[in-house]
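*Asks:* Shown below is the structure under consideration.
The values are calculated or read from the model by the stated rules, or taken from the named source; none is laboratory data. Keep in mind that what you see is a predicted model, and the values were worked out from it rather than measured. Note: ideal-geometry Cβ built from the backbone for every residue, glycine included; neighbour counts use all protein chains shown. Only protein heavy atoms, including side chains, enter the accessible area calculation; ligands, DNA and RNA are left aside. Shrake-Rupley method; radii C 1.70, N 1.55, O 1.52, S 1.80 Å.
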Amino acid sequence: MTFRKASASTYILVSLLIVAAIGLLTGLHAGLVRLGFLAGTASAISPMAHGPLMVNGFLGTLIGLERAAALEKMWAYMAPVLLGISTILVLSGFMVPAKLLFIAGSFFLLAIMLYLYNMQPVAHHLIMALGAAALLVGNILFLFDPPIFNLVAWWAGFPLLTIFGERLELNRIMRPPKRAQHLFVALIVIWIAATAFSHINRPIGWAGASVSLIAQAGWLFKYDVARRTIRSVEWTRYSAISLLTGYGWLVLAGLFSLWQGFPTAGPMYDALLHMIFVGFVFSMIFAHASVIIPSLSGKLVPYHPYFYGPLLLLHGFLLIRVVGDLFWLPAIRKTGSYGNVAAILLFLGGILFFLLRDGLRKRRQFSMNQNKQA
């Protein structure tokens, strides 16, 4: 019985990792199509699928899978399974069933987070539960086909708050005082309340959310363990650099949105969203990859200085993209966008390459040892 359960869990895990990767790759492709990539040719993937695929198909499936694997409860896999199936439905053009599964998947993800909070009622579990709730709100709004700018803040809240909770969970070394933790939770509640109020008064609501975002980034700069681990080596130092640069983009995003408000479309809208989703969220993915991959696959990712290349490209091309947006230079914006996609693909390609190379090296070593013993 145990063997069968373990085999089923492994099969589900590998399958969902593949689906999350499909969500990422197709989401990136949809984003390029929006920018005019392969213009004049028919694309099987709608450019409007970019946001749903990246948020639900990739981030939702991956985060849901990570939490389900950690919880080791079969019911918890309902969240990534439903979000994974919704990815396939989006790619097949069945948007209404996909939207319903987005809601169902995010509901189960919220159930996982609330279950964890019930088991251990601590601040980081509460923050991650609020992140899952933000995804659920965004997906419910998405069902009714509003303009994406009316719900994208809720979608952004999902990775933002999930990462905030994870950073607080991993910050045991710094041990932020209880008062500081309570302040962090209060800032997040303010962000949620301000985001909700933006549906009533967009300028005032988003101004409050922006101030809260800057304050949250400042809190992370002060209390995150990355301030210490940046003096370390290999993956630990790499993660710290990724984290701190991500927090920097979060400050810039908050300042930018105080200056511009929350645009509803156009280059300023593009700049703000990608400061958050690329500058912050993908910095966090780069930072945590060396921890997430072993937790899901059981395989350590060998460190190599190569990974600084994609990280530099990510931030450098994002800066180019934002400059192109600010000065209304479409060619510069496209260059930055293509460069961001290249940076992400180079990072993922590097992960696969070094994992495969390490696996082959270990097999050769094992064969040599076997031959010596024979």
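*Asks:* Looking only at the range 227-239, count how many residues are open to solvent by less than 40 Å² (accessible area, probe 1.4 Å) and touching a residue at least 40 places away in the same chain (Cβ under 8 Å). Can you show your working first?
*Replies:* Start the filter on the range 227-239 by keeping residues that are open to solvent by less than 40 Å² (accessible area, probe 1.4 Å), which leaves 229, 235, 238-239.
After this cut, where a residue has to be touching a residue at least 40 places away in the same chain (Cβ under 8 Å) as well, the list is 235, 238-239.
Number satisfying all stated conditions: 3.
*Asks:* Something else: In the range 240-270, what residues are open to solvent by less than 50 Å² (accessible area, probe 1.4 Å), small (Gly, Ala, Ser) and within 23 Å of residue 156 (Cβ to Cβ)?
*Replies:* Result: 242, 246, 248, 253, 254, 257, 261, 266.
*Asks:* Give the number of residues within the range 329-374 that are polar (S, T, N, Q) and modelled with pLDDT under 95. Lay out the reasoning, then the answer.
*Replies:* Step one: list which residues in the range 329-374 are polar (S, T, N, Q), which gives 335, 337, 340, 365, 367, 369-371, 373.
Checking which are modelled with pLDDT under 95 leaves us with 365, 367, 369-371, 373.
Final tally of qualifying residues: 6.
*Asks:* Turning to a different aspect of this structure: Answer with yes or no whether residue 147 is surrounded by fewer than 17 Cβ atoms within 10 Å (Cβ to Cβ) and within 27 Å of residue 74 (Cβ to Cβ).
*Replies:* On the way: surrounded by fewer than 17 Cβ atoms within 10 Å (Cβ to Cβ): yes; within 27 Å of residue 74 (Cβ to Cβ): no.
No; evaluated as a whole, the condition is false for this residue.
*Asks:* Can you list residue pairs whose Cβ atoms sit under 7 Å apart, with the first residue in the range 203-223 being within 21 Å of residue 154 (Cβ to Cβ) and the second being outside any helix (DSSP H, G or I)? Count only pairs 6 or more apart in sequence or on different chains.
*Replies:* The qualifying pairs are 203/261; 205/198; 206/198; 206/261; 206/262; 209/198.
*Asks:* A further question follows. Could you check how many residues of the range 194-226 are surrounded by 15 or more Cβ atoms within 10 Å (Cβ to Cβ) and charged (D, E, K, R)?
*Replies:* Adding up the residues that qualify gives 2.
*Asks:* List pairs: first residue in the range 154-169 and within 12 Å of residue 216 (Cα to Cα), second residue open to solvent by 10 Å² or more (accessible area, probe 1.4 Å) and of a type in the set (S, T, N, Q) anywhere in the structure, Cβ distance under 9 angstrom, at least six positions apart or on different chains.
*Replies:* 168/181
*Asks:* Still on this structure, please answer the following. Looking at (1) at pLDDT 95 or above; (2) more than 20 Å from residue 218 (Cα to Cα); (3) open to solvent by 20 Å² or more (accessible area, probe 1.4 Å), find the lone condition where residue 138 falls short.
*Replies:* (3)
*Asks:* Has the range 350-366 got at least one residue that is within 19 Å of the chain's Cα centre (by Cα), aromatic (Phe, Trp, Tyr), surrounded by 14 or more Cβ atoms within 10 Å (Cβ to Cβ) and within 19 Å of residue 241 (Cβ to Cβ)?
*Replies:* No, that holds for no residue.
*Asks:* With the requirement that a residue be in a helix (DSSP H, G or I) and either polar (S, T, N, Q) or free of Cβ contacts under 8 Å to residues at least 12 places away in the same chain (or both), what does the range 292-308 give you? Talk me through it step by step, then tell me what you get.
*Replies:* Let us first name the residues in the range 292-308 that are in a helix (DSSP H, G or I), namely 292-297, 305-308.
The answer is 294, 295, 297, 305.
*Asks:* Does residue 52 satisfy the criteria of being open to solvent by less than 30 Å² (accessible area, probe 1.4 Å), of a type outside the set (D, E, K, R) and within 27 Å of residue 341 (Cβ to Cβ)?
*Replies:* On the way: open to solvent by less than 30 Å² (accessible area, probe 1.4 Å): yes; of a type outside the set (D, E, K, R): yes; within 27 Å of residue 341 (Cβ to Cβ): yes.
Yes: the conditions hold for residue 52.
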